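Everything below concerns the one structure shown next.
The values are calculated or read from the model by the stated rules, or taken from the named source; none is laboratory data. As the structure is a computational prediction, the values presented were derived from the model and not from experiment. Cβ placement follows ideal geometry from the backbone for every residue including glycine, while neighbour counts extend to all protein chains displayed. Calculation scope for accessible area: heavy atoms of the full protein, side chains included, ligands and nucleic acids excluded. Shrake-Rupley method; radii C 1.70, N 1.55, O 1.52, S 1.80 Å.
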Amino acid sequence: MKLLILPKLWTLGMALVVILTASAVFAEAPAEKAKGQTLCTMYFSLKSWSVFYKSGKGYGAIHCDNGQKADVTIHSQGGGVSFGKYDIPEGEGKFSAVSDIQELYGKYGSVGGEGGAGKAAMSESLSKDGITLEIKGRGTGGGFGFDFGGLRISTMTEKDREQMRKETAD
């Protein structure tokens, strides 16, 4: 009799695990924006390199559906076992809903892997204080490895603007 109960309990337990896992996944999914919140998109360019240490810099603009917008500077950094160089001239990032554009500034954490050469593609999910940022882009470069690190988004200073002008003039 006990042998017949164990498979039923195991099946019930697995069903419960599936239900709990599915509810956790859907609970993490970005919901529609609530009243008083805004959805924002960032358009950016990013150049990065890695030889164990990963570093990158880029520029972009954030546009929100409530009319807020800002020019931003992007810095990526991290470490791991990765080697490569990338140039992503037309990246796009979508943020989860926030109350104000100011909430988007700061450091987002990530863990990722890469592999390829020639035409580069990136897609990454980052998070900070309950805000998610899904980025994607295409460009050139290549590399391979695994890394962890972050992406810092800050308001563009006049010095950043001047540096951007010099880099795009070359």
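With R₀ fixed at 45 Å, the C-beta to C-beta distance from Ala169 to Asn66 puts the FRET efficiency at about 0.85. Phe95 contributes about 10 Å² of solvent-accessible surface, heavy atoms of the protein only, 1.4 Å probe. Could you sort out which of Lys85/Lys166; Lys47/Lys119; Lys94/Lys166; Lys33/Lys107; Lys35/Lys136; Lys47/Lys166 sit more than 24 Å apart by Cα distance in this structure? Over 24 Å apart, Cα to Cα: Lys94/Lys166; Lys35/Lys136.
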